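The values are calculated or read from the model by the stated rules, or taken from the named source; none is laboratory data. In this text, all values refer to a predicted model and were calculated from it rather than measured experimentally. Cβ sites come from the backbone with ideal geometry, for glycine too, and all protein chains shown count toward neighbours. Side chains are part of the model used for accessible areas, which takes the heavy atoms of the whole protein and leaves out ligands, DNA and RNA. Shrake-Rupley method; radii C 1.70, N 1.55, O 1.52, S 1.80 Å.
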Amino acid sequence: MSTLAHTMMTAARSADSGLTGPGDLDRYPYAEAHVVDRVAAPAWESADPELGRVGRRAAGSRGRGLHGQLVQQLGQMIVSGDLGADRPLVPEEIGQRFEVSRTVVRESLRVLEAKGLVSARPNVGTRVRPVSDWNLLDPDIIEWRAFGPQRDDQRRELSELRWTIEPLAARLAAGHGREDVQQRLADMVEIMGHAMGQGDAITFSRADAEFHSLLIQVAGNRMLEHLSGIVSAALQVSGGPVTGCDRPNETSLAHHGRIVDALGTGDGTAAESAMRQLLTVHPEVERVVPAPREH
């Protein structure tokens, strides 16, 4: 095993991932807020009591402190529909409900505004915006949708989007012939193979995410590079239609290896084909390839 592969595997095993084993690979902590009476008082008065006191919650915070935890909580509540469109958000009420300062509330609302979830206007205040205004490509919103009531739609949409983006990225990457990148991709495949043999799904997942992110970055298309975060988010919220990346197995590993081999020979067609096969949904689970939605 190369030095890079060994270093990454060691780091992956020692990092605090918040997950406890292979069975937890596709599970993120998601606060399931209760459905509230839309005509009643502010939503957080009837929401899960555990959503309060954000300073005491670790799940979902990703180490971002009070500000990050409040963004997480409010974002989940908006995306789940517990704070519906045009719902007014009063900073004082939020601060009291979650026991945080006005500064934390203000900064959190600014983050949510940047994601398109809320809008703040003079003489109107801060209100929840409709879904059509959300930045649906934002990794946080992808996660919140994937573990909320819209989970099925979000995972299907991610699967379809990946099936469009990544085969193109693989074909473009084959034309760049960078040996250093090909070696790193080969290292990731080696790590995945070793992790699979050890039953280490977390290390496998991390190497897999690095593989796909690197492949998009080396495609030589800056617009595609901006979509690499979507692919990373998709890999982290697996659990919808099962693709070759969702469950470590020999077939998945072989397809990754075929992609690396195609890049080594500069064969864009073979690289694209291998990626499509890797992302193909298993027939016994749902359908062979993502198909247009029926209207």
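Summary of packing: across the peptides 214-221, 83-90, the per-residue average of other C-beta atoms within 10 Å ranks them, highest first, as 214-221, 83-90. Here the simple spin-label model places points 7 Å from the Cα toward Cβ, and for residue 269 and residue 168 these points are separated by 2.1 nm. Calculated accessible area for the range 168-218 comes out at 39 Å² per residue, all protein chains present (probe 1.4 Å; ligands, DNA, RNA ignored). On the basis of the beta-carbon distance and an R0 of 51 Å, residue 179 and residue 101 show a calculated FRET efficiency of 0.45. Backbone amide hydrogens, once placed in the peptide plane, bring residue 280 within less than 5 Å of 244, excluding anything fewer than 5 places away on its chain. Under 5 Å between amide hydrogens, built in the peptide plane, is the criterion, and for residue 118 it picks out 113, 129 among residues at least 5 positions away or on other chains. Accessible surface ranking for 163, 134, 144, 1.4 angstrom probe, highest first: 163, 134, 144. If the segment from residue 110 to residue 221 were pulled out straight at 0.36 nm per residue, it would be longer than the present Cα-Cα gap by 36.9 nm.
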